[in-house]
Amino acid sequence: MANYHISKDKDLNKWRITKEGADRSSGFADTQQEAEKIAKELCANSGGGEVRIHGLDGKIRDSDTVAPGNDPPYIKDAKH
C-alpha cells in the first residue's frame, strides 16, 4: 500500500504527484483533476492506499481511499 499527495508546483505551474516518503515526484499534470486520476492509478497499482489532495494553500482539502485500501468503518465519505 502506498499513499500519494497532489499539490501545486507554482514554479512549473503544474500539479505534482508525490508518493508519501519519496524524495522525487512520481509525475506532473496540467490540471488537478488529471493529477488525481494519475495518482489513483498509481495508488491502485501499488496495492491501494490514500490519495490526499492539497489546495493552493498547501493544506489537505480532500482525501480518497483507493481499493484495496480500507476506510475505517466509522467514517462516512459524504463526497463519494
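Taking region 1-20 on its own, how many of its residues are surrounded by fewer than 19 Cβ atoms within 10 Å (Cβ to Cβ) and of a type in the set (Phe, Trp, Tyr)?
0
I'd like the full set of residues that are in a strand (DSSP E or B) and either touching a His at 6+ places or on another chain (Cβ under 9 Å) or under 14 Å from residue 3 (Cα atoms) (or both), limited to region 28-65. Break it down into steps so the answer makes sense when it comes.
So in region 28-65, the residues in a strand (DSSP E or B) come out as 28-29, 49-54, 60-65.
Matches in region 28-65: 49, 50, 51, 52, 53, 54, 60, 61, 62, 63, 64, 65.
Only one of (1) within 15 Å of residue 67 (Cα to Cα); (2) among the aliphatic types (A, V, I, L, M); (3) touching an Asp or Glu at 6+ places or on another chain (Cβ under 9 Å); (4) free of Cβ contacts under 8 Å to residues at least 60 places away in the same chain fails for residue 6. Which number is that?
Evaluating residue 6 over (1) within 15 Å of residue 67 (Cα to Cα); (2) among the aliphatic types (A, V, I, L, M); (3) touching an Asp or Glu at 6+ places or on another chain (Cβ under 9 Å); (4) free of Cβ contacts under 8 Å to residues at least 60 places away in the same chain leaves (1) as the failure.
Read the figures in this text as sums done on the coordinates, not as results from a lab. Because the structure is a prediction, the values reported are computed rather than measured. Every residue, glycine among them, receives a Cβ derived from its backbone with ideal geometry; neighbour counts consider all protein chains shown.
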